[in-house]
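Let me give you the structure first, and then I'll get to my questions.
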Amino acid sequence: AIVWTQSRGPWLGWIPGIFLFALLTVCAVRPRYFRVLLGVAIGGVLAVVLFIFAANFVPSLSFLQQTPYVGRLVDLFNTESGTGKVRILIWGGASEMLLPHEPLTFPDGSQDNVNVLRPLIGYGPEAMWVAFNRFYPPELAHVEARNASPDRSHNEAWDSIVITGLLGFIGYIALFVSIFYWALRWLGLLHGRRDNLLFGAFVALAGIGGSLAFMATDGWQLRMVGLGLPFGIIAGFGLYTAVAAFLHAGEQPDRTDLPRQMLIIALLAALAAHYLEIHFGIAIGATRTTFWVFTAVLMLIGMRQLAVLPAELSLVAEETAPEPVAPQPTGKRGKQAARQAQAPRRRAPVSTAARLPKTVMTDVLVFLTFVYIYSTNATGLTNPGSVLFESAFVRPNNALIPPIFVLMLFTWLVAAVIGLAEESMGQRRAPAMGWWWTGLGLHALVVWGAWLIYGLIQGTRLAPVTPTPGMLNQDFLNLQLDRVGGHFGFYTFVVAGWILVAATVFAWPALRDRALPAAGRVWVAAATGVAAAVLAIFLIYTVNVNLVKADIVYKQGQQFDSQGNWLSSVELYKRALATRQTEDHYMLFLGRALLEQAKQAPVQGTTTLPATLNLGDVLALTPDTVAALGRDDLLRAAETVLLDAQRVNPLNTDHTANLAR
C-alpha cells in the first residue's frame with residue numbers, strides 16, 4: 001500500500017526505519033563479520049540519501065522525473081510548483097503566526113486578549129484554518145482554491161507550533177528525543193557519561209545544523225526550519241547509533257534477552273520512520289493512535305513491565321535448562337542431602353494446546369468491521385443474503401478475482417495461522433498436524449460465522465425501505481433517515497457487545513480461579529460493571545453515535561444541493577443541526593440553502609414568520625412551511641442562522657461572506 005500510494009512521506013520514513021532495523025539487528029545478533037555488516041548498513045543508507053540529493057540537484061539526472069515511482073522522489077525539493085509550492089507557502093504563513101503580530105480582530109471589533117502569549121501557547125487544536133486568514137500568502141490563491149483555508153501545515157513541527165506554541169513544540173521535540181534515548185539505553189548502546197554527551201551532542205548539533213542548512217537554501221527564511229530541524233534530529237540520532245554500534249562492539253550480548261531486544265528494535269524503527277514521515281505530510285488520527293500504542297508498548301517492554309515470551313514458553317525453558325553440577329558432598333549427612341537435592345523436581349503442569357487461539361476474539365472484531373465497511377446495496381437488492389454476498393464477491397471493472405473476498409480470505413488465513421502458532425509456542429512438544437487442521441476449522445467456524453450473522457443483519461438493514469399504506473411523507477423521511485443514519489449506531493452497539501463478550505472470555509480464567517481481587521466480591525463487581533456499562537453506553541450514544549448520525553444526515557443534504565432541490569436540503573440540514581446546535585458548519589450550509597431557496601421563491605408568500613426569530617424557530621419549520629415562505633422571510637431565516645453561526649465561530653470568514661450575500 002505504501003508503494004502504490006506513491007506518498008513521499010512514508011517512502012522517506014523507510015530510510016531511517018530500515019536503516020535502524022538493520023543496524024540494530026546486527027548489533028543484537030552479532031553474527032559473523034559483524035563489523036562488515038555494520039559497514040554495509042551504513043553504506044547502504046548513505047548511498048540512498050546521496051542518490052536522492054543528487055537526483056534533486058544534479059541536472060543530468062532530471063530524466064528520472066519521468067521514471068515511475070522514482071520520479072516522486074526526484075522533485076522532493078521542488079518549491080516552485082505543485083504541492084511543494086503550496087506547502088512552503090503555508091509554512092511561510094505559519095512562521096508569521098509564530099512571530100509577534102497584531103492581535104486577531106473579531107467581527108464585533110473585539111481583539112484576541114492573549115495575543116502576546118500566542119507564540120508561546122499557540123492557537124489550540126483545530127484552530128489553524130480560522131486563525132490563518134490574517135497570514136494567508138496572496139500567492140497561495142494562484143496555486144490553490146482561495147476559499148480553501150489551510151487547516152494543517154503538512155508538517156508536524158509547524159502544526160505543533162501553531163497548535164501548542166513554542167512551549168508545546170519543545171515538549172513535542174523532547175518526547176521524541178526521550179523515546180530515542182531510552183530505546184538505545186534499553187538496547188545497551190547508551191550508558192555512561194561519555195554516551196550521554198555524545199548522544200546529546202549529535203542530536204543537538206545535527207538539529208541546529210539541519211535547520212541552518214535548510215534555511216540557507218531558502219534565503220534564510222524561517223519557514224524551512226520545520227523541515228530542517230526534524231531532518232537534523234533524525235540524522236543525528238542515526239549517526240550516533242552507527243557510532244555507538246562500533247563503540248560497544250566488544251560487549252557480549254545476552255542471548256536470552258534477544259526476543260525482547262528484537263521487539264524494542266522493531267518498535268524503535270517504526271517510531272523513527274513515523275517521526276520523519278509526519279514532517280512531509282499530516283499526522284492523522286490513525287497514525288497518531290499507532291504512535292501512542294507503539295510508544296506505550298516500547299515503554300512497557302523496555303522497563304520490563306511486559307513479558308515478551310508467553311508464560312508457558314518461559315516455563316518450558318526453565319524446566320529444560322540444565323541444572324548446575326554441585327560438588328560431591330562428603331560424610332553421611334552430606335550424601336543424604338545430595339540424594340534429596342538430586343530428586344527430580346515436580347514440574348509445573350503445562351496445559352495442552354488449545355484448539356481455538358486466544359486471538360479469535362480480535363479476529364471476530366476484524367470481520368465484524370469488514371461487514372460494516374464493505375457491505376453496500378447500490379443495486380437495491382431486497383434479499384439480505386444477496387446483499388452480503390454481492391458485496392463480498394463484487395468484481396469491479398470485470399476483475400478476474402473479487403478483491404474484497406480475497407482480502408477477507410487472506411486476512412483470515414494470516415490471523416488463524418498466527419493465532420495457532422502462538423498457541424503452539426507454549427507447548428512442550430509441537431502439536432500434531434491434526435491439531436492444526438482442527439484449529440483452522442474451529443477458527444473459521446467462529447470468525448466466518450460471526451461475519452455471516454452480522455452480515456445478514458446488515459443486509460436486512462441495507463434493503464430498500466418501502467412506505468406503508470397511508471404513511472405521510474414526513475414519516476417516511478424519518479424512517480429513511482433513521483435507517484441510513486443508524487448503521488453506525490448499530491455497528492457501535494455490536495462492538496459494545498463484542499467488548500462485553502471478549503472481556504468475559506479473557507477474564508474468565510482469572511475469575512474462575514479467583515485470581516482477581518474482584519472475584520471474591522461477585523455482586524459488588526457485577527453492580528460496578530453494570531453501572532459502568534450504562535454510563536459508557538450513554539456517553540457513546542451522546543458523544544459519538546449522535547454526532548456521526550448528524551454528519552450522515554448532513555451528507556445526504558449535500559446530495560440535494562447538487563440537484564438544486566433546496567427544500568430537501570433545508571430539511572436535512574435542519575435535522576443535522578437539531579442534533580448538534582453548536583456545529584457552525586451545519587449552520588453554514590443551512591443558511592446557504594435558505595439563501596438559494598429565497599432566490600427562487602416569490603416575493604410574497606402564503607405564510608409569514610414572526611417579527612423576532614431565533615434558531616429554534618427556524619429549526620421548527622416544516623418543509624411545507626418553508627415552501628410557503630416568501631423571499632423576505634427566507635432571507636430573515638437565513639440571516640438568523642448565519643448570525644448564530646458567526647456567534648459560534650466568529651473567525652470563519654464564510655459566515656461573514658454569506659451574511660454579505
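Looking at Val406, Val414, which is the one that is surrounded by fewer than 17 Cβ atoms within 10 Å (Cβ to Cβ), under 28 Å from the mean Cα position of the chain (by Cα) and over 24 Å from Ile499 (Cβ atoms)? Give the derivation first.
Numbers: Val414 fails: over 24 Å from Ile499 (Cβ atoms).
On inspection, the qualifying residue turns out to be Val406.
Restricting attention to the range 583-607, which residues are out of contact with any helix residue (DSSP H, G or I) (no Cβ under 6 Å at 6 or more places or on another chain) and among the polar types (S, T, N, Q)?
Correct list: Gln600, Gln604.
Does Val114 satisfy being assigned by TED's automatic domain parsing to the domain that holds Gly207, at pLDDT below 90 and within 29 Å of Leu659 (Cα to Cα)?
Against the criterion (assigned by TED's automatic domain parsing to the domain that holds Gly207, at pLDDT below 90 and within 29 Å of Leu659 (Cα to Cα)), Val114 does not qualify.
Please determine, by comparing only the residues of the range 61-84 that are under 27 Å from the mean Cα position of the chain (by Cα) and closer than 24 Å to Met128 by Cβ, which one is surrounded by the fewest Cβ atoms within 10 Å (Cβ to Cβ).
Gly82
Further question: Being over 39 Å from the mean Cα position of the chain (by Cα), closer than 21 Å to Tyr554 by Cβ, in contact (Cβ under 8 Å) with a residue 24 or more places away in the chain and surrounded by fewer than 19 Cβ atoms within 10 Å (Cβ to Cβ) is true for just one of Thr582, Thr622, Thr607. Which residue is that?
Just a single option satisfies the conditions, and that option is Thr622.
In the list Gly441, Gly455, Gly419, which residue meets the criterion of being at pLDDT 90 or above, in a helix (DSSP H, G or I), in contact with a Ser or Thr (Cβ under 6 Å, 6 or more places away or on another chain) and more than 30 Å from Leu621 (Cβ to Cβ)?
On the way: Gly441 fails: in contact with a Ser or Thr (Cβ under 6 Å, 6 or more places away or on another chain); Gly455 fails: in contact with a Ser or Thr (Cβ under 6 Å, 6 or more places away or on another chain).
It is Gly419.
Can you find even one residue in the range 112-121 that is more than 31 Å from the chain's Cα centre (by Cα) and of a type in the set (D, E, K, R)?
Looking through the range 112-121, at least one residue is more than 31 Å from the chain's Cα centre (by Cα) and of a type in the set (D, E, K, R).
Here's something else I'd like to know. Please enumerate the residues belonging to the range 1-32 that are of a type in the set (Ser, Thr, Tyr) and either closer than 17 Å to Gly188 by Cβ or modelled with pLDDT of 85 or more (or both).
Thr25
Right, next: Here are some conditions: (1) surrounded by fewer than 13 Cβ atoms within 10 Å (Cβ to Cβ); (2) at pLDDT 90 or above. Pro138 meets all but one. Which one does it not meet?
Every listed condition holds for Pro138 apart from (2).
Can you go through Arg223, Arg194 and tell me which one is among the basic types (Lys, Arg) and within 27 Å of Ile121 (Cβ to Cβ)?
Going through Arg223, Arg194 in turn, the sole match is Arg223.
Let me ask you something else. Please verify whether Leu635 is under 19 Å from Arg592 (Cβ atoms), in contact with an Asp or Glu (Cβ under 7 Å, 6 or more places away or on another chain) and surrounded by 15 or more Cβ atoms within 10 Å (Cβ to Cβ), treating the condition exactly as stated.
Judged against the criteria, Leu635 is not a match.
Sticking with this one: Here is a check on your reading of the model: is Ser95 buried (at least 17 other Cβ atoms within 10 Å of the Cβ), under 31 Å from the mean Cα position of the chain (by Cα), under 30 Å from Glu139 (Cα atoms) and of a type in the set (S, T, N, Q)?
In short, yes.
Then there's this: If only one of Thr466, Thr504, Thr460 is of a type in the set (S, T, N, Q), closer than 19 Å to Tyr372 by Cα and either modelled with pLDDT of 80 or more or assigned to a helix (DSSP H, G or I) (or both), which one is it?
Result: Thr460 is the single residue among Thr466, Thr504, Thr460 that is of a type in the set (S, T, N, Q), closer than 19 Å to Tyr372 by Cα and either modelled with pLDDT of 80 or more or assigned to a helix (DSSP H, G or I) (or both).
Let me ask something else. Condition check: more than 23 Å from Asp159 (Cβ to Cβ) and either in the same structural domain as Ser153 (by TED's automatic domain parsing) or in contact with a helix residue (DSSP H, G or I) (Cβ under 6 Å, 6 or more places away or on another chain) (or both). Does Gly39 satisfy that?
Against the criterion (more than 23 Å from Asp159 (Cβ to Cβ) and either in the same structural domain as Ser153 (by TED's automatic domain parsing) or in contact with a helix residue (DSSP H, G or I) (Cβ under 6 Å, 6 or more places away or on another chain) (or both)), Gly39 qualifies.
Right, another one. Against the definition (assigned to a helix (DSSP H, G or I) and farther than 14 Å from Trp448 by Cβ), how does Val414 come out, yes or no? Write out each step before concluding.
Numbers: assigned to a helix (DSSP H, G or I): yes; farther than 14 Å from Trp448 by Cβ: yes.
Answer is yes for this residue.
If you go through the range 39-56 one residue at a time, do you hit one that is among the aromatic types (Phe, Trp, Tyr) and farther than 22 Å from Leu187 by Cβ?
yes
I'd like to know if the range 307-321 contains one or more residues that are at pLDDT 55 or above, more than 30 Å from Ile2 (Cα to Cα) and of a type in the set (Val, Ile, Thr).
No: zero hits.
Return a yes/no flag: does the range 156-171 have any residue that is in the same structural domain as Ala235 (by TED's automatic domain parsing) and in a loop (DSSP other than H, G, I, E, B).
Within the range 156-171 (the criterion being in the same structural domain as Ala235 (by TED's automatic domain parsing) and in a loop (DSSP other than H, G, I, E, B)), the answer is no, since none of the residues qualifies.
Results for (1) within 19 Å of Thr582 (Cβ to Cβ); (2) more than 38 Å from the chain's Cα centre (by Cα); (3) free of Cβ contacts under 8 Å to residues at least 60 places away in the same chain; (4) not assigned by TED's automatic domain parsing to the domain that holds Ser110, shown as yes or no for each residue.
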site: Asp617; (1), (2), (3), (4): yes, yes, yes, yes
site: Val626; (1), (2), (3), (4): no, yes, yes, yes
site: Leu629; (1), (2), (3), (4): no, yes, yes, yes
site: Asp632; (1), (2), (3), (4): no, yes, yes, yes
site: Leu643; (1), (2), (3), (4): yes, no, yes, yes
site: Arg647; (1), (2), (3), (4): yes, no, yes, yes
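Another question, then. Pull up the range 442-491, narrow it to residues that are surrounded by fewer than 17 Cβ atoms within 10 Å (Cβ to Cβ) and of a type in the set (Ser, Thr, Tyr), then point me to the one that is nearest to the chain's Cα centre (by Cα).
Restricting to residues being surrounded by fewer than 17 Cβ atoms within 10 Å (Cβ to Cβ) and of a type in the set (Ser, Thr, Tyr), the top hit is Thr460.
Report yes if some residue within the range 278-293 is touching a residue at least 24 places away in the same chain (Cβ under 8 Å), part of a helix (DSSP H, G or I) and out of contact with any Lys or Arg (no Cβ under 8 Å at 6 or more places or on another chain); otherwise report no.
no
Also, I was wondering about something else. Please state which one of Ala183, Ala201, Ala206 is surrounded by fewer than 14 Cβ atoms within 10 Å (Cβ to Cβ), assigned by TED's automatic domain parsing to the domain that holds Asn56, part of a helix (DSSP H, G or I) and among the aliphatic types (A, V, I, L, M).
Just one listed residue meets the conditions, Ala201.
Specify the residue that is surrounded by the most Cβ atoms within 10 Å (Cβ to Cβ); the eligible residues are those in the range 19-43 that are farther than 17 Å from Leu239 by Cα and under 34 Å from the mean Cα position of the chain (by Cα).
For the range 19-43, the residue satisfying everything is Ala28.
Go through the range 233-269 and report how many residues are out of contact with any Leu (no Cβ under 8 Å at 6 or more places or on another chain) and within 26 Å of Ile170 (Cβ to Cβ).
Matching residues across the range 233-269 total 4.
Quick check on Glu156: is it closer than 23 Å to Arg8 by Cβ, surrounded by fewer than 18 Cβ atoms within 10 Å (Cβ to Cβ) and in contact with a helix residue (DSSP H, G or I) (Cβ under 9 Å, 6 or more places away or on another chain)? Break it down into steps so the answer makes sense when it comes.
On the way: closer than 23 Å to Arg8 by Cβ: yes; surrounded by fewer than 18 Cβ atoms within 10 Å (Cβ to Cβ): no; in contact with a helix residue (DSSP H, G or I) (Cβ under 9 Å, 6 or more places away or on another chain): yes.
Considered against the rule, which asks whether it is closer than 23 Å to Arg8 by Cβ, surrounded by fewer than 18 Cβ atoms within 10 Å (Cβ to Cβ) and in contact with a helix residue (DSSP H, G or I) (Cβ under 9 Å, 6 or more places away or on another chain), Glu156 comes out as no.
The values are calculated or read from the model by the stated rules, or taken from the named source; none is laboratory data. Everything numeric here is computed off the predicted structure, so don't read it as measured data. Note: ideal-geometry Cβ built from the backbone for every residue, glycine included; neighbour counts use all protein chains shown.
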